[in-house]
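Here the structure is laid out as structure tokens; the discussion comes afterwards.
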Amino acid sequence: LQASSSFLSLQASPSGRSFQLDYEHNCFRKDGAPFRYISGSIHYARVPRPAWRDRLLKMYMSGLSTVQVYIPWNYHETLPGVYDFTGNRDVEAFLDLTAELGLLVILRPGPYICAEWEMGGLPAWLLWKPDIILRTSNPAYLAAVDSWLHVLLPKIKPRLYHQGGNIISVQVENEYGSYYACDYGYLRHLLGSFRALLGSEVLLFTTDSARAEELRCGTLQGLYATVDFGPGSNVTEAFGAQRRVEPKGPLVNSEYYTGWLDYWGEAHASTSAAWVAQGLEDMLQLGASVNMQVVSWQRAQPPGEYMFHGGTNFAYWSGADYKGQYKPVTTSYDYDAPLSEAGDPREKLFAIRTVISKFQPLPAGPMPPATPKYAYGWVALRKYADLLDVLDVLCPSGPIHSQFPLTFEALKQVHGFVVYHTQLPWDVPDPATLGAPPHSICDRGYVMLQKEYQGTLERDGQTTLNITGRAGDTLDILMENMGRISFGANTSDFKGLLGNLSLNSRPLSKWLIYPLAIDTAVQQGWPHAALPKSSSGGRAGPAFYTGTFETPGIAWDTFVKFPGWSKGLLWINGFNLGRYWSCRGPQQTLFVPGSVLHAGHPNNITVLELEGAPPTPLLLFLDRPLYNGTL
């Protein structure tokens, strides 16, 4: 980035406030004075709105001057041209709260954010155009990006620092150098859009790993280039990589990883407080500006973007990686971060705070305490109905008839589940192989013959089952979307049955396809408000369970365990708390924020168990999480 003088030449702002690059003294300048930020990441979409203030206050009291904030496009533009900035999605209220607490903001509005979030923040409806090429100059993609930026960025502009707000810089795209396309035309287009909508004064930057190839594709003249790396990296070497693309200007690590990421079916990961603190001190000694995130940084590709406080992937928002195989991310986004999933300060937070105190004064006053937790104990559930017996409620518009299976995207189903129903076209007296072409089970298929559960087909796992039956027997496959890939070359992650199922290599046809609107039904009070069903006893396979519990006059945070359950989803009072997968782990509990509970009247529990509940279906509410259960 060429500066015409030692300062990045920007017009003076009317307020006299400025945040600039100083190329002569290799620093930032805030209102003309040298400035270095120490920042931490937080995702408002992963924290219940009633807890925003608590988490931000704890970050402020840790000595952070700044928070780094992603905006997930798909969280706000839920369908093309349909926007939601209410409730937990009120990003303006979140930004106003940061300002009220005296924090500066580094904003990362994407459009792609990675963040281990469903599809890296890109809306799945982009894939309704199956030939779209994401994160490139593809006209269909750019048209969608531009219409989104025209809605979002005008909300951001009055909050920029030089306009009297607290946003000091804005990141364009995210680790673009790690994407195969290397499309400079796309980055130039984004730079033009951001400048047109935010003005010429705001500091715009990019973030990439310290690898030369990625810095080549991810940086652009007119965008200040920063790097990311974790503890254990050679700090001097990593900043040397930044210096090769930015010979002058402040040293910046935009993502210093304070923790580690969990996938379903792998061990829970953690990093030592001492190690994180030492790496932070090394960077601050060099005068660098730092943002702390959490995630594994020891991987072949650069990691996603993570934080000082992780939070939770509620509902269907967790993403996935692809490393030789599909790897979905757990519901908990705790990541062994300085602030736990429930917002509690860890030893790591105090170690970081001690390091910061060597370089700048800490705010006066005590660190706010951990939030109170309550172990509500055992709650008995009862089976309400098998999923196949309530399709009239879950798919009120009825099925779609199709000769061959259609993807979620062709059905315009974003998250959740779809049932594919057909009949056996001939007698199958001897076991025959029910199978799918390679890479066409996305992501799990629960197979029922005559409504009896037969087993599960899984992406990059078991893709065949042996079945027997008679002509006319019903065959149902409940397909589950486990989260779209959020990082890597292939972010076009279509869901459902991507190819046709066959029986002994003979294709099946004449499908009835039911896109399920489970959350709509549950939010409207189903099944608690519905008439009881005569449920079919202990049959395995996808089924709904219900129960209630009372809190003793208080509604405190809690964690729910699923002893003997397999895999499914939990709703309390209509709020989707996300996926559990006890039999695979490592996560064994789901975080239940006190804000979703009622004090003084019953709390309605709904569970969708996909494979098989225990004979006596019980949930156990604890006052602490279990992240490292048996795999």
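The values are calculated or read from the model by the stated rules, or taken from the named source; none is laboratory data. A quick note: this is a predicted structure, and the numbers were derived from the prediction, not measured. Please note: Cβ atoms are built from the backbone with ideal geometry, for glycine as well, and neighbour counts cover all protein chains shown. Only protein heavy atoms, including side chains, enter the accessible area calculation; ligands, DNA and RNA are left aside. Shrake-Rupley method; radii C 1.70, N 1.55, O 1.52, S 1.80 Å.
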Please go through segment 13-29 and pick out each residue that is closer than 29 Å to ARG55 by Cα and either in the same structural domain as GLN68 (by the TED database) or in contact with a helix residue (DSSP H, G or I) (Cβ under 6 Å, 6 or more places away or on another chain) (or both). ARG17, SER18, PHE19
Look at VAL145 and say whether it is touching a Pro at 6+ places or on another chain (Cβ under 7 Å), closer than 20 Å to VAL91 by Cβ and not basic (Lys, Arg). yes
Are there strands (runs of 3 or more DSSP E) fully within segment 378-440 with at least 1 residues that are of a type in the set (Val, Ile, Thr)? List them. 400-402, 417-423, 428-435
Exactly one condition in (1) under 25 Å from VAL447 (Cα atoms); (2) open to solvent by 10 Å² or more (accessible area, probe 1.4 Å) is false for TRP571; which is it? (2)
So in segment 175-202, with the set limited to residues that are open to solvent by less than 20 Å² (accessible area, probe 1.4 Å) and of a type in the set (Ser, Thr, Tyr), which one is nearest to ALA33 (Cα to Cα)? SER193
Restricted to segment 492-544 and to residues being among the aromatic types (Phe, Trp, Tyr) and surrounded by 21 or more Cβ atoms within 10 Å (Cβ to Cβ), the residue nearest to ASP427 (Cα to Cα) is TRP511
Could you tell me whether TYR580 is out of contact with any Asp or Glu (no Cβ under 7 Å at 6 or more places or on another chain) and more than 30 Å from ALA267 (Cβ to Cβ)? no
Find the residue count for segment 72-111, including only residues that are surrounded by 24 or more Cβ atoms within 10 Å (Cβ to Cβ) and in a loop (DSSP other than H, G, I, E, B). 4
Kindly evaluate GLY232 against the criterion of being open to solvent by 10 Å² or more (accessible area, probe 1.4 Å), out of contact with any helix residue (DSSP H, G or I) (no Cβ under 6 Å at 6 or more places or on another chain), under 25 Å from ARG353 (Cβ atoms) and assigned by the TED database to the domain that holds SER137. yes
Residue in segment 163-174 that is open to solvent by 30 Å² or more (accessible area, probe 1.4 Å) and either farther than 27 Å from TYR316 by Cα or not β-branched (Val, Ile, Thr) (or both) present: yes
Between a first residue in segment 407-428 that is acidic (Asp, Glu) and a second residue that is open to solvent by 30 Å² or more (accessible area, probe 1.4 Å) and not in a loop (DSSP other than H, G, I, E, B), which pairs have beta carbons less than 6 Å apart while being 6 or more apart in sequence or on different chains? GLU409/TRP128
Outside the structural domain of ASP460 (by the TED database), surrounded by fewer than 23 Cβ atoms within 10 Å (Cβ to Cβ), closer than 22 Å to GLY455 by Cα and not basic (Lys, Arg): does that describe GLY553? no
Can you go through LEU191, LEU142, LEU127, LEU152 and tell me which one is aliphatic (A, V, I, L, M), under 18 Å from VAL414 (Cβ atoms), in a helix (DSSP H, G or I) and in the same structural domain as ILE42 (by the TED database)? LEU127
Here are some conditions: (1) over 15 Å from SER137 (Cα atoms); (2) assigned to a loop (DSSP other than H, G, I, E, B); (3) of a type in the set (A, V, I, L, M). ALA181 meets all but one. Which one does it not meet? (1)
When you look at SER39, is it among the hydroxyl-bearing types (Ser, Thr, Tyr) and surrounded by 23 or more Cβ atoms within 10 Å (Cβ to Cβ), yes or no? yes
For segment 456-491, enumerate the residues that are out of contact with any helix residue (DSSP H, G or I) (no Cβ under 9 Å at 6 or more places or on another chain), open to solvent by less than 40 Å² (accessible area, probe 1.4 Å) and outside any loop (DSSP other than H, G, I, E, B). THR456, LEU457, GLU458, LEU465, ILE467, GLY469, LEU475, ILE477, MET479, GLU480
Exactly one condition in (1) in a strand (DSSP E or B); (2) modelled with pLDDT of 95 or more; (3) more than 19 Å from ASN628 (Cα to Cα) is false for PRO328; which is it? (3)
Those residues of segment 43-71 which are part of a helix (DSSP H, G or I), among the hydroxyl-bearing types (Ser, Thr, Tyr) and touching a residue at least 60 places away in the same chain (Cβ under 8 Å) amount to TYR60
Condition broken by ALA140, with the remaining ones in (1) farther than 25 Å from ALA210 by Cα; (2) touching a residue at least 24 places away in the same chain (Cβ under 8 Å); (3) of a type in the set (A, V, I, L, M) satisfied: (2)
Checklist (1) closer than 24 Å to GLY343 by Cα; (2) under 23 Å from the mean Cα position of the chain (by Cα); (3) modelled with pLDDT under 95 applied to LEU631, failing item: (1)
Looking at (1) among the hydrophobic types (A, V, I, L, M, F, W, C); (2) farther than 23 Å from HIS268 by Cβ; (3) modelled with pLDDT of 95 or more, which one does VAL560 not meet, given that it meets all the others? (2)
SER65 - would you say it is surrounded by fewer than 23 Cβ atoms within 10 Å (Cβ to Cβ), closer than 18 Å to GLN293 by Cα and either within 14 Å of the chain's Cα centre (by Cα) or among the polar types (S, T, N, Q) (or both)? yes
